[in-house]
Amino acid sequence: MKCKLCHSCKIIKLKSINSVEIKSKYKIDIKRFFTKETFEHFKCLTCNLKFFDNVLTGDSLFYDQLQENTSYYEKDKVEFDYALSKIAQINPSKILEIGAGRGYFAEKIKDSYNIKVSEFSQKSMKYLKEKNISFDEKHDTYDFICAFQVLEHVEDINSFLNYIDSKLNENGSLLISVPNNDSEYFKNVFDVLDYPPHHMYQFSSKSLHYIGKKMNYSLKDYWTEPMRIEHYFNIIKAKRFKLMKAQPIKKTFFALFDYLLTPYFHDDNLLGHTHAILFKKEKKHEIS
């Protein structure tokens, strides 16, 4: 077993996960993604990436079905504002958004910048076409590439990074945002969407920074999302559930108590759900 990012053999097994537990959390059929009754969760001691094995990555139908929940794609992610600030500074001539979803980010800037998109989900591609958002073509290259909440979904990180490198011009910029596995949210809350077949990887700050080392890109900036109040409430709720799971009456009472007081104790200095990183491709190189 080798790390799927840095290829190190210094891998530890965190746990085995029963696929029944994951399947039961979904309202759609995901049986086809699990080849065995259990699958494994690993951590690389070299780059700190966490990843899963013995499970298949979600397909287009899976993501089409997830989109039936209208809240799956957020219209205004906080990392959109971060990306907009960087685009304004850099002023790239051509932009590519990989995994554009319903096109909420591309819509924001398509009248001001030359942006194209790529997308995996057939349903999302339909939305993008309806919004007259241009699609990436085979020989297109770009000065700025962004991927919001995409890297944790891909089947093969190395192939994905090589694709990005082939599309990014010399001196171009790459912005990646992913869920922050260092955050209090993921340390305390079981979120089924952070597991396969939805997420195949979990990125700490160290593993996200390692991408620059792997691609021989220079680091330009690193950003963390402030703790959002809804995520803070979920942390309190999860902690309370662990304490009160054997006492359902008290759990109900304290759930109301938490709901009323959370806005007053919410700490947005805590690490939030998402982090993002900005790299620059400065000279000819090869990805290791």
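The values are calculated or read from the model by the stated rules, or taken from the named source; none is laboratory data. For clarity, every value in this text was computed on a predicted model and none was experimentally measured. Glycine gets a Cβ as well: all are built from the backbone with ideal geometry, and neighbour counts include every protein chain shown. Keep in mind that these areas ignore ligands, DNA and RNA; they rest on the heavy atoms of the full protein, side chains included. Shrake-Rupley method; radii C 1.70, N 1.55, O 1.52, S 1.80 Å.
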List the longest stretch of the chain that has no exposed loop site; here a site is one of the GluC sites (Glu not before Pro) assigned by DSSP to anything other than H, G, I, E or B, with at most 15 other Cβ within 10 Å. 156-281
List the chymotrypsin sites (Phe, Trp or Tyr not before Pro) within segment 64-93 that DSSP assigns to loop and that have no more than 14 neighbouring Cβ atoms inside 10 Å. 72
Relative to the chain, whose Cα atoms define the longest principal axis, helix 78-90 and its Cα axis are tilted in degrees, nearest 10, by 20 degrees
Which length gain, in nm to one decimal place, applies between residue 158 and residue 72 when the Cα-Cα distance is subtracted from 0.36 nm times their residue separation? 28.3 nm
To the nearest Å, what is the center-to-center distance of segment 35-93 and segment 116-173, using C-alpha atoms only? 13 Å
Which net charge results when you count Lys and Arg as +1 and Asp and Glu as -1 among the other residues whose beta-carbon is under 12 Å from that of residue 12? +4
Skip the ligands, DNA and RNA, and give the accessible area per residue of the chain with a 1.4 Å probe, whole Å². 51 Å²
State the cysteines of the chain left without a partner when partners are defined as other cysteines whose beta carbon lies under 4.7 Å away. 9, 146
Enumerate by residue number the trypsin sites (Lys or Arg not before Pro) in segment 123-173 meeting two conditions: DSSP loop (anything except H, G, I, E, B), and at most 12 other Cβ atoms within 10 Å of the site's Cβ. 138
FRET efficiency for residue 15 and residue 126, Cβ-Cβ distance as r, R0 = 35 Å, nearest 0.05? 0.35
Please work out the Cα convex hull volume for segment 1-76 and give it in Å³ per residue. 126 Å³
With a 1.4 Å probe and all protein chains left in place, how much of the accessible area of segment 136-218 comes from carbon and sulfur atoms, in whole percent? 45 percent
Scoring only Lys, Arg, Asp and Glu (+1, +1, -1, -1) among other residues with Cβ under 9 Å from the Cβ of residue 145 yields -1
Hand me the trypsin sites (Lys or Arg not before Pro) from segment 74-120 located in a DSSP loop with no more than 15 other Cβ atoms within 10 Å, in residue order please. 75
Checked against the structure, the computed Cα extents along the principal axes in Å among [x] 61, 43, 35; [y] 50, 38, 35; [z] 56, 43, 36 is the one labelled [x]
Suppose we keep just the DSSP beta bridges with both residues in the chain; what percent of those would be antiparallel, to 5? 65 percent
Acute angle (nearest 10 degrees) that the helix 205-215 long axis makes with the longest principal axis of the chain, alpha-carbon atoms: 20 degrees
